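Written below as structure tokens is the structure these notes are about.
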Amino acid sequence: MAQIIPVPPFDCVVFGATGDLTLRKLMPALYYRFRDRQIPEGARIIAAARSDFTDEAYRNHVAEAARQHVAKSDWDDATAADFLARVSYVQLDGSSPDRWTGLNDLLGQEPDRVRVFYMATSPDLYGPICRNIRANDLASEGSRVVLEKPIGHDLASAKSINDQVGEIFSERQTFRIDHYLGKETVQNLLALRFANSIFERLWNADVIDHVQITVAETVGVESRAGYYDHSGALRDMVQNHLLQLLCMTAMESPISLSADSVRDEKLKVLRALRPIAPHEIGAVTVRGQYTQGAVEGRAVAGYAADLGRQSHTETFVAIKAEVRSWRWGGVPFYLRTGKRLADKLSEVVVVFRKLPFSIFPREVAELSPNKLVMRLQPHEGIHLEMMTKDPGPGGLRLRPARLNISFEEAFKTRYPDSYERLLMDAVRGNTTLFMRRDEVEAAWQWVEPIIEAWGEAPETPKPYPAGSWGPTSAIALIERDGRTWHEDFTQEEEFKR
Ligand code: BG6
């Protein structure tokens, strides 16, 4: 097992401590880090929310929720009790100036510690909470603030939130989460590209035909319909997760692994994205909304029924994006994401150019282009699709086969949740895997014209049945260019092996 680097004692204050994110992600992540002895003796987790809880009642609440999100085999009652002893609760509405005494007293006991203020709240509260932190003199040199996405709902609101937070915390102290960057497999894109010599020479428009980035989910909007209906798939997934994946795939080699070197390169990609003009919105973007159908063998309702009313919010997006650079000129990046799709699957597929000429007659082989598939989840791994000789006598027939690395098989280790890595990076003060202000704003700048053009377009999102791969116009989007989505999941079993 990799060596786990300990950190000095710290205080982590979580605003929004009774919310879904805290209970489903943050507390289980902290439990795992504690279990793996990364949370030192004396470290404190201070949960803050408006509800009335005693420490004891809150701990029971956390334990109950965490049990559902920690693997049974990883849950240990004694370890959980030790972990929960570090959690305390303060009743506090962070956006109001009242009732800060409890938090002041607790933090005042350890004035020199690293303090992490985690905003697991709605983004419009980030500014007011930060102002109250300052008014109570709680933001020290060693403090950091962690902001959950979405940072705003458009460029202007993102700028306003960044300005408000920036009055209290410097950029070095600000940790904007895109939890995709905390995924092991996303970080592995850096390793694949910059720790191996074979790919770099192939990583350009001379050899690559196009790139596909898919983040497909089987879940619907569940209990988040209220938030989701104001957001939609473009803001919820494309503006952050898919664009970050695109950056990791397309960026130039950073000069080092320092936070700014990596983020400078990602920023260049975002700024090189070709803006989508209103007149081409129908040609290069598709938005869809799920209707009733069946997912994983279960009948499910459509989005309107989930929401309780009709809506024009998109639950599916496909976009043909282009990066204007010498490396990528003429190479489309097809992005797609959606809820209630046929499978839960995230992958980046690099499709190489076709052979310029084939010596093999058509009867022996329909040559398919080489594909490098980076599977982010589930069954994490990498495979290269290549043509091989079909074994056996009777002439030289060809068929595609896979050169396959399954991480599960190769490393036989648990894949930590991205929040485990990101929380500890925030404590350590390492911003590499967090979005810098200019990145967030550049991403909004590219996305905003799409939102505006959709708002003005007469068409509404195209319906697609739950359990499908999205509206047929998403298939047309890529097939118009003589290409197809990578949907050959018939060999899914190979990923599991
Ligand atoms: C979140 C989105 O950021 O990412 C959700 O708000 C989405 O709508 C989730 O379901 C997907 O994350 P993951 O890690 O399950 O792929």
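The values are calculated or read from the model by the stated rules, or taken from the named source; none is laboratory data. Computed from a predicted model, the values in this text were never measured in an experiment. Here the Cβ is made from the backbone with ideal geometry for all residues, glycine too, and neighbour counts use every protein chain on show. Protein only, heavy atoms only, side chains kept; ligands, DNA and RNA dropped before computing areas. Shrake-Rupley method; radii C 1.70, N 1.55, O 1.52, S 1.80 Å.
Worth a mention:
- Placing unit charges on the Cβ atoms only, positive for Lys and Arg and negative for Asp and Glu, gives the chain a dipole magnitude near 980 debye about its Cα centre.
- Calculated FRET efficiency for the pair Arg271/Ala78, C-beta based, R₀ 56 Å, to 0.05: 0.60
- Pairwise centroid distance, computed over Cα atoms, of the stretch 307-386 with the stretch 124-172, Å: 37
- Charge dipole of the chain about the Cα centre (unit charges at C-beta), most positive-ward option of Ala57, Leu403, Pro278: Leu403
- Where GluC sites (Glu not before Pro) fall in DSSP loop in the stretch 148-226, at most 12 other Cβ within 10 Å: Glu167
- Among beta bridges identified by DSSP and lying wholly in the chain, the antiparallel ones come to about 55 percent.
- Nearest-ten-degree value, helix 184-194 long axis tilted from longest Cα axis of the chain: 60
- Here the dipole of the stretch 106-233 is about 240 debye; that uses its Cα centre as origin and unit charges on the Cβ of Lys and Arg (positive) and Asp and Glu (negative).
- Calculated FRET efficiency for the pair Asp98/Phe411, C-beta based, R₀ 51 Å, to 0.05: 0.50
- For the chain, the longest principal axis of the Cα atoms and the long axis of helix 126-135 meet at an angle of about 30 degrees.
- Degrees separating the helix 418-428 axis from the principal Cα axis of the chain, which is the longest one: 50
- Inter-label distance for Arg362 and Asp390, nm, one decimal - labels placed 7 Å from Cα along Cα-to-Cβ: 1.7
- Charge-dipole axis of the chain as Lys and Arg at +1 and Asp and Glu at -1 on Cβ define it, positive-most pick from Ser160, Gln239, Ala318: Ala318
- The chain, Rg to Rh (Cα coordinates; Rh as Kirkwood inverse mean 1/r): 0.98
- Rg/Rg_globular for the stretch 1-130, with Rg_globular taken as 2.2 N^0.38 Å and Rg from C-alpha atoms: 1.04
- With every protein chain in place and a 1.4 angstrom probe, the accessible-area ranking of His153, His383, largest first, reads His153, His383.
- If you wrap the tightest convex hull around every Cα atom of the stretch 299-364 and split its volume per residue, you get 186 Å³.
- With Rh defined as the Kirkwood radius, the inverse of the mean 1/r over Cα pairs, the Rg/Rh of the stretch 314-423 is 1.06.
- Ordered by solvent-accessible area of protein heavy atoms (1.4 Å probe), largest first, the residues Ile46, Ile451 come out as Ile451, Ile46.
- Selection from Ala71, Asn104, Leu125, by position along the positive dipole direction of the stretch 34-138 (Cβ): Leu125
- Highest mean packing comes first when the peptides 455-467, 82-94 are listed by Cβ atoms within 10 Å, giving 82-94, 455-467.
- Loop-located trypsin sites (Lys or Arg not before Pro) in the stretch 306-346 (DSSP state other than H, G, I, E, B) with a sparse environment of at most 13 neighbouring Cβ atoms within 10 Å: Arg309, Arg324.
- Heavy-atom surface of the chain, accessible at 1.4 Å and reported per residue (Å²): 44
- Estimated distance in nm for a label pair at Glu479 and Ala156, the labels positioned 7 Å out from Cα along Cα-to-Cβ: 4.1
- With both labels modelled 7 Å from their Cα along Cα-to-Cβ, the Glu171 to Ala85 distance reads 4.4 nm.
- For GluC sites (Glu not before Pro), the sites in the stretch 265-299 that DSSP calls loop and that have at most 16 other Cβ atoms within 10 Å are Glu296.
- Exceedance of the 19 Å cut-off in Cα-Cα distance is limited, within the set Lys25/Lys183; Lys72/Lys344; Lys320/Lys462; Lys25/Lys149; Lys268/Lys354; Lys183/Lys266, to Lys72/Lys344; Lys268/Lys354.
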